[in-house]
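Report on the structure given below.
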Amino acid sequence: MPENTDAVILDGVPAVAPDGAPVPVDKRDKPRSLWNDAWYDLSRKPIFYISALVILFLIVISIWPGLIASQDPLQCNLIDSQNGPSSGHWFGFDQQGCDVYTRTVYGARASVEVGIFSTLGVAVLGAVLGGLSGYFGGWLDSIISRVSDIFFGIPILLGGVVFLSAVKGGSVLTVSTFIILLGWPQLARIARGAVITAKEQDYVLAAKALGAGHGRILLRHIAPNALAPVIVWSTIALGTFISLEATLSFLGVGLKPPAVSWGIDISAAAEQIRNAPHMLLWPAGALSVTVLAFILLGDAVRDALDPKLR
Amino acid sequence: MSEPTLSKDPESSAATAAEAGAPVVEAAEAAAAQLADREPILQVRNLVKHFPLTQGIVVKRQIGAVKAVDGVSFDLYAGETLGIVGESGCGKSTVAKLLMSLEQATAGEVFYKGQDITKLSGRALKAVRRNIQMVFQDPYTSLNPRMTVGDIIGEPFDIHPEVAPKGDRRKRVEELLDVVGLNPEYINRYPHQFSGGQRQRIGIARGLALNPEIIICDEPVSALDVSVQAQVINLMEKLQDEFNLSYIFIAHDLSIVRHISDRVGVMYLGKIAEIGSDAEIYEHPTHPYTQALLSAVPVPDPEAREHRERIILSGDVPSPANPPSGCRFRTRCWKAEARCAEEEPLLAIPTRFAEVDTPAKHESACHFAEEKDVVGAA
Amino acid sequence: MTVIDDISDVPTPDAKLAPLLEVRDLHVEFHTRDGVAKAVNGVNYSVNAGETLAVLGESGSGKSVSAQAVMGILDMPPARIPKGEILFQGRDMLKMSGEERRKIRGRKIAMIFQDALSSLNPVLSVGYQLGEMYRVHQGLSRKDAKAKAIELMDRVRIPAARERVGDYPHQFSGGMRQRIMIAMALALEPDLIIADEPTTALDVTVQAQVMELLAELQAEYNMGLILITHDLGVVADVADKIAVMYAGRIVEDAPVHDIYSKPAHPYTKGLLQSIPRLDQKGQELYAIKGLPPNLTRIPSGCAFNPRCPMAQDICRTDVPQLHPVGTARGSACHFWKETLGE
């Protein structure tokens, strides 16, 4: 891209018409923030709508699973064990004789909850620690960076097995806590880098020259400009955290029955893959589509927020 | 401290009026005579900034220092413009940051009305900041892209609420937009909706908001197109007269510095090589570096290219981490002798000119200072 | 007037030959979210061997875009060349295959960019990068290529070339890096060099060194040089003829002496007047009012009309063509006579 096309587009707005006459207002000259611009870019991407629809659907059924599933996921009958698809039970039954369709629908809730809690936790903890370490530098940066290095060094599955077996809990809360604990360093690194880039900009110097304090500089000048990579990474991470929950549950250290989770169902189905492949297909498919939707959404958001990253 | 007002200071507008009418050299002399009995508003004494070079990850060990600014002294008088010129790496931008207390000086003092601002912090520093403001070089990075123009120009009032009562602020911002030649209706727009020249006007409006006495301009027009540069320079001159501002105008474009400055200092490798009135520096330079710098400027006149004597310096500027001994310019200087390597020339009026009345009688840091007409009759 | 005589002294190639490079009615547009930005709107210029053409303009004037189109390095999309011819040694490069154009690029036409640091590969030594030209294009051995690289570095007067041939780009100063860029452009002895703001990033004292070197080498190799710049001073120092661009069009083209003494277009005149002069000290500078147009919304008629002090009704309706002014120059102004006459 030639270096001056940017200028080309910017250089059009006349300050005051040369003769002092009012300048005709063009629609494109309306106040337009960078967030508006990003939204405009996003709103023209089919991928954004597809992934957003999938995610919206997922959230709706995780709140009201009854909307599309009339049965109780825990009401099972061993007579139906491993039965294939039939009318009224299009996805068939699992080992315990539970309806696969109903369980897949109800399983969304655990995934969404873990995904949202851990992402929120990681984003807040990582952004705050990474942001402070990037902004203040010095010994604070050294400490936070070294601590995050230590957490980086822990293999996530091994850590999960050890930590989650130790706390003996199999709830959404414990799994989310574990993910937050091991997930924040990565976001902290991203936030730290973004803050360091932002703090070297002249507008931060200008604010300092006006006498602005650290709080104002961080909140008004640095945070809004360092937010984009944090948002992008968090969106993609939400998908990977959902798959991490499924993995941990699969390994038997995440959520545990009677909780309903795709990971638990995949684990049960894996043992019976030769006899009843239909048991694996639906929860695994739901998981893949969900993770894919978040990754695609993250990509679309990144393209919109920072066209240069493409 | 005096109450901030938008009115003119009668005392120094007389000086600027005198300059506007009279022929250049006389005006400069008249201004110099006036300066002599005026109290400087800003006095810079032996300002030093060394950036340490460190090695090691955990235990940091200093292995040297980049001597960005190494003993700079000058005065700034009310209502005048002091130009500072020099090539990249000469330390001129670091001087700006030191004056703004954006960097901590390694040594030296900056007296603002008798008070050393390098030692200030907290509330006292904040109070001084109201009187010394800055206009930045790059209009694209000096405005926060996520804030509206109104928020950017209004921010000074958020930080110094005593300057403008809350209900008054929007009106003040609109006034400021009008003062710098922008349509006040643009108050809700974002920086990226403006061109470079317009953004620089926004930056100037922000600098003016607190009614400062001194504005430090760090290359304020070098990022702008030629046709827009003149507009911004005119605006700055107009504002100077209107609000009785003192400018420190840092730039590498010699013709613009000459146009706007009353006095000019030439910097080389962290030191001032020569300082004097604009006519003294441009027409009677005595330091070889100033002479080379002036002769190297391309002149927009093709007729001049055949019969113009150019001093083309060899080599590059040495690293400020390891400056030459003695005179810092000696490695590129055609006059250099053994003495230049041993003895550092001080910035003073050369003894040979001390007793005579000549425009060459101004401070120059060279052992062999002498006149050489490099700009020709221009 | 003696000025005219000077022009005929400029070394010109054999009159029978076509110009080295001739650009005819070139158009370039960019597709942006705000619509189609018309960056270049019908540009004509030509360069002969041994001649320096300066393309002068501000950001957004289309000066760099037109050069990138000549070089064939525009990203397409978003760029598009809807119309035009670029004749190099008589052949239209826009009709050539990708392979043919690649052969011309580097060998026959070379380019020097503003930012030498980002144009050189930071992880390869400069000797390797210079030698690469010979290894790839002429199949020289590593050793011979290195010897050639040292020779080139000598030629662009890099001190201690033999010792520095293994150094990396960041170990050189800005001026030295720009010399390396020049060396790289010269390596295959091209017929035409396009220099896009070659000295803008350099300090004045270094700028003078580099421009002098470029001019000397150009004379030595009898190359054509297209110098793209916004600096009226640099142009006056080295150019033979000038094309002034505004909003994607050439508004004035003329031999260098004429344009400075008697501009024939109000834009050129305004630019020259806005340079601070000694006798204007303490006065307001002349400033062209307003701003360059948005290229998605170029004003009708003459693109300069909203900023022009001489604009009449006709300027708002009719696009001025390049009227011949005297023998060797042209002005795209309805009122070129009046502009000249003042």
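Side notes on the structure shown:
- Residues within segment C:152-181 that are in contact (Cβ under 8 Å) with a residue 12 or more places away in the chain, small (Gly, Ala, Ser) and more than 22 Å from residue C:113 (Cα to Cα), tallied: 1
- Within segment B:237-250, tally of residues that are within 12 Å of chain C (Cβ to nearest Cβ) and touching a residue at least 40 places away in the same chain (Cβ under 8 Å): 2
- Looking only at segment C:168-205, and only at residues there that are charged (D, E, K, R) and within 14 Å of chain B (Cβ to nearest Cβ), the one that is farthest from residue C:20 (Cα to Cα): C:203
- Looking across segment B:189-219 at every residue that is hydrophobic (A, V, I, L, M, F, W, C) and part of a strand (DSSP E or B), the one that is nearest to the other protein chains (Cβ to nearest Cβ) is identified as B:216.
- The residues on offer are B:253, B:262, and the sole one that is more than 8 Å from every other protein chain (Cβ to nearest Cβ), of a type outside the set (Gly, Ala, Ser) and closer than 24 Å to residue B:349 by Cα is B:262.
- For segment A:267-283, the count of residues that are of a type in the set (A, V, I, L, M), in contact with a helix residue (DSSP H, G or I) (Cβ under 6 Å, 6 or more places away or on another chain) and at pLDDT 85 or above is zero.
- Looking across segment B:258-276, the residues that are in contact with an Asp or Glu (Cβ under 9 Å, 6 or more places away or on another chain) and of a type in the set (A, V, I, L, M, F, W, C) come down to B:260, B:264, B:266, B:267, B:269, B:272, B:275.
- Considering C:320, C:293, the condition of being in contact (Cβ under 8 Å) with a residue 12 or more places away in the chain, under 26 Å from the mean Cα position of the chain (by Cα), surrounded by 17 or more Cβ atoms within 10 Å (Cβ to Cβ) and within 14 Å of chain A (Cβ to nearest Cβ) is satisfied by C:293 alone.
- Among the residues of segment C:77-92, some residue qualifies, meaning at least one is within 13 Å of another protein chain (Cβ to nearest Cβ) and assigned to a loop (DSSP other than H, G, I, E, B).
- Residue ID - surrounded by the fewest Cβ atoms within 10 Å (Cβ to Cβ), chosen from residues in segment B:128-165 that are touching a residue at least 60 places away in the same chain (Cβ under 8 Å) and more than 8 Å from chain A (Cβ to nearest Cβ): B:163
- A single member of C:61, C:66 is in a loop (DSSP other than H, G, I, E, B), touching a strand residue (DSSP E or B) at 6+ places or on another chain (Cβ under 7 Å) and among the polar types (S, T, N, Q), and it is C:61.
- Top-ranked residue of segment B:286-310 - restricted to ones that are closer than 20 Å to residue B:272 by Cβ and among the hydrophobic types (A, V, I, L, M, F, W, C), ranked as nearest to the other protein chains (Cβ to nearest Cβ): B:296
- Unique residue being at the interface with chain B (Cβ under 9 Å from one of its Cβ atoms), crowded, with 24+ Cβ neighbours inside 10 Å and either closer than 26 Å to residue C:315 by Cβ or under 21 Å from the mean Cα position of the chain (by Cα) (or both) when the list is C:246, C:260, C:267, C:286: C:267
- Remark: pairs (first residue in segment B:329-355, in a loop (DSSP other than H, G, I, E, B); second residue among the hydroxyl-bearing types (Ser, Thr, Tyr); Cβ separation under 6 Å; 6+ apart in sequence or on different chains) = B:329/B:268; B:329/B:289; B:350/B:364.
- If you go through segment B:313-353 and keep only what is surrounded by fewer than 17 Cβ atoms within 10 Å (Cβ to Cβ), farther than 25 Å from residue B:88 by Cα and under 27 Å from the mean Cα position of the chain (by Cα), you end up with just B:349.
- Segment C:140-151 residues that are basic (Lys, Arg), paired with ones that are surrounded by fewer than 19 Cβ atoms within 10 Å (Cβ to Cβ) (beta carbon under 8 Å, 6 or more apart): C:142/C:135; C:148/C:140
- Taken across segment A:189-206, residues that are over 30 Å from residue B:100 (Cβ atoms), part of a helix (DSSP H, G or I) and away from every other protein chain (no Cβ under 14 Å) do occur, with at least one present.
- Taking the conditions (1) touching a Phe, Trp or Tyr at 6+ places or on another chain (Cβ under 8 Å); (2) more than 14 Å from every other protein chain (Cβ to nearest Cβ); (3) free of Cβ contacts under 8 Å to residues at least 24 places away in the same chain; (4) of a type outside the set (Lys, Arg) in turn, residue A:257 satisfies each one other than (1).
- Qualifying positions in segment B:311-354 - within 13 Å of another protein chain (Cβ to nearest Cβ) and touching a strand residue (DSSP E or B) at 6+ places or on another chain (Cβ under 6 Å): B:320, B:329
- Residue pairs whose Cβ atoms lie under 8 Å apart, separated by 6 or more positions or on different chains, with the first residue in segment C:200-211 and touching a residue at least 40 places away in the same chain (Cβ under 8 Å) and at negative phi and the second in a loop (DSSP other than H, G, I, E, B) and of a type outside the set (Val, Ile, Thr), are C:200/C:114; C:200/C:230; C:200/C:231; C:201/C:114; C:201/C:115.
- Test: residue B:315 is touching a residue at least 12 places away in the same chain (Cβ under 8 Å) and farther than 27 Å from residue B:255 by Cα: no
- Hey, residue C:237 in contact (Cβ under 8 Å) with a residue 24 or more places away in the chain and over 24 Å from residue C:71 (Cα atoms) or not: yes
- Here residue C:139 fits the description: at positive phi and more than 14 Å from chain A (Cβ to nearest Cβ).
- Any hit, segment A:272-286, residues being of a type in the set (D, E, K, R) and buried (at least 18 other Cβ atoms within 10 Å of the Cβ): no
- Residues being within 23 Å of residue C:59 (Cβ to Cβ), polar (S, T, N, Q) and at pLDDT 85 or above - total across segment C:182-237: 1
- Count of segment B:183-237 residues which are of a type in the set (Gly, Ala, Ser), closer than 24 Å to residue B:76 by Cα and either touching a Pro at 6+ places or on another chain (Cβ under 8 Å) or surrounded by fewer than 23 Cβ atoms within 10 Å (Cβ to Cβ) (or both): 3
The values are calculated or read from the model by the stated rules, or taken from the named source; none is laboratory data. Since the model is a prediction, treat every value here as computed from it, not as a measurement. Note that we place each Cβ from the backbone using ideal geometry, even for glycine, and neighbour counts take in every protein chain shown.
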